[in-house]
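The values are calculated or read from the model by the stated rules, or taken from the named source; none is laboratory data. Bear in mind the structure is a predicted one, so any value in this text is a computation, not a measurement. A quick note on method: Cβ atoms are made from the backbone with ideal geometry, for glycine too, and the neighbour counts reach across all protein chains shown.
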Amino acid sequence: MNYRGCSGEDNRLSRTYHAGETNDLDHVIRWLHLHNSNVPLFAVGYSLDGNMRLKLLGQKDPEIPLAAAVSVPFELSQCASRLEKGLSKVYQHWLIGSMKKTAIRNTDQHDTGLDIPALLKTRTFRELDNLGTPPRIP
């Protein structure tokens, strides 16, 4: 599964994915289960995808097959802080650049309400998250 805007194809909707968004993942797993009910499903998520799978498992009924999560950033805030230090800053710089390009492409196609000048000034995941991720709902 490729998350919105991460497959090389433009996102068809203004909404993008983020670590707290599990609706797309839930839809895909339920669709696979519905259309392949006689085949056992086994899902493996790596990194942020694994984090999202675990979040979905805690939100939905346990019948939906979510089996493994590998190298999961359980504490996203701590991971973001770590990426601001040492050699990890190189990865952070590359990934934020990629995320900015995706956000700009999406804004060119949809009215996302994203402040592009502010986006271009972001240098950390925390700044990007504060600018472009929907607020947490208690």
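Take VAL39 and tell me if it is surrounded by fewer than 16 Cβ atoms within 10 Å (Cβ to Cβ), hydrophobic (A, V, I, L, M, F, W, C) and touching a helix residue (DSSP H, G or I) at 6+ places or on another chain (Cβ under 6 Å).
The answer is no for VAL39.
Every residue, every condition in (1) of a type in the set (Gly, Ala, Ser); (2) modelled with pLDDT of 85 or more; (3) part of a helix (DSSP H, G or I), yes or no:
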position: ARG4; (1), (2), (3): no, no, no
position: SER14; (1), (2), (3): yes, no, no
position: HIS18; (1), (2), (3): no, no, no
position: ASP26; (1), (2), (3): no, yes, yes
position: GLY58; (1), (2), (3): yes, no, yes
position: PRO73; (1), (2), (3): no, no, no
position: SER77; (1), (2), (3): yes, yes, yes
position: ALA80; (1), (2), (3): yes, yes, yes
position: VAL90; (1), (2), (3): no, yes, yes
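Please go through (1) surrounded by 13 or more Cβ atoms within 10 Å (Cβ to Cβ); (2) touching a residue at least 12 places away in the same chain (Cβ under 8 Å); (3) under 18 Å from GLY132 (Cα atoms) for GLY50 and return the number of the only condition it doesn't satisfy.
(3)
Taking the conditions exactly as written (surrounded by 10 or more Cβ atoms within 10 Å (Cβ to Cβ), within 18 Å of the chain's Cα centre (by Cα) and either on the phi < 0 side of the Ramachandran plot or modelled with pLDDT of 85 or more (or both)), does ALA67 satisfy them or not?
Taking the combined requirement at face value, the residue does not satisfy it.
Within the range 92-130, which residues are surrounded by 13 or more Cβ atoms within 10 Å (Cβ to Cβ), at pLDDT below 90, outside any helix (DSSP H, G or I) and touching a helix residue (DSSP H, G or I) at 6+ places or on another chain (Cβ under 7 Å)?
THR112, LEU114 - these are the residues of the range 92-130 that are surrounded by 13 or more Cβ atoms within 10 Å (Cβ to Cβ), at pLDDT below 90, outside any helix (DSSP H, G or I) and touching a helix residue (DSSP H, G or I) at 6+ places or on another chain (Cβ under 7 Å).
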